[in-house]
Amino acid sequence: MIYGVVNLRREATLPLVVSNANKQQQVIDTVIDTGFSGFLSLPSAIITALNLPWSASDIVTLGDSSET
């Protein structure tokens, strides 16, 4: 069973373990996306720390109309 919490911003969150081929692991708190498209976005610091390959990098518009 998966357990998560609702944060102060009223987002449903749960922990997710991300690992690399060398079995290094890092736990990140994720926000459940009801419009999940099959892709996972990770902060660049985690990609670098785990030496993960980059698939793509892009500028996106968030729900509040801000860009990141």
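Are any residues in region 50-68 hydrophobic (A, V, I, L, M, F, W, C), closer than 14 Å to residue 20 by Cβ and without any contact (Cβ under 8 Å) to a residue 24 or more places away in the chain, and if so, which ones?
54, the sole residue that qualifies.
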For residue 59, state whether it is modelled with pLDDT under 90 and surrounded by 10 or more Cβ atoms within 10 Å (Cβ to Cβ). no
Subset of region 2-18 (residues that are surrounded by 12 or more Cβ atoms within 10 Å (Cβ to Cβ) and either over 24 Å from residue 60 (Cα atoms) or hydrophobic (A, V, I, L, M, F, W, C) (or both)): 4, 12, 14, 16, 18
Quick one: residue 8 ticks every box in (1) under 14 Å from the mean Cα position of the chain (by Cα); (2) in a loop (DSSP other than H, G, I, E, B) except a single one, so which number is it? (1)
Out of curiosity, is residue 34 part of a helix (DSSP H, G or I) and out of contact with any Ser or Thr (no Cβ under 8 Å at 6 or more places or on another chain)? no
Filter region 28-48 down to the residues that are of a type in the set (A, V, I, L, M) and within 10 Å of the chain's Cα centre (by Cα), then identify the one that is surrounded by the most Cβ atoms within 10 Å (Cβ to Cβ). 42
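The values are calculated or read from the model by the stated rules, or taken from the named source; none is laboratory data. All figures in this text were calculated on a predicted structure; none of them were measured in a lab. We place every Cβ from the backbone using ideal geometry, glycine too, and count neighbours over all the protein chains shown.
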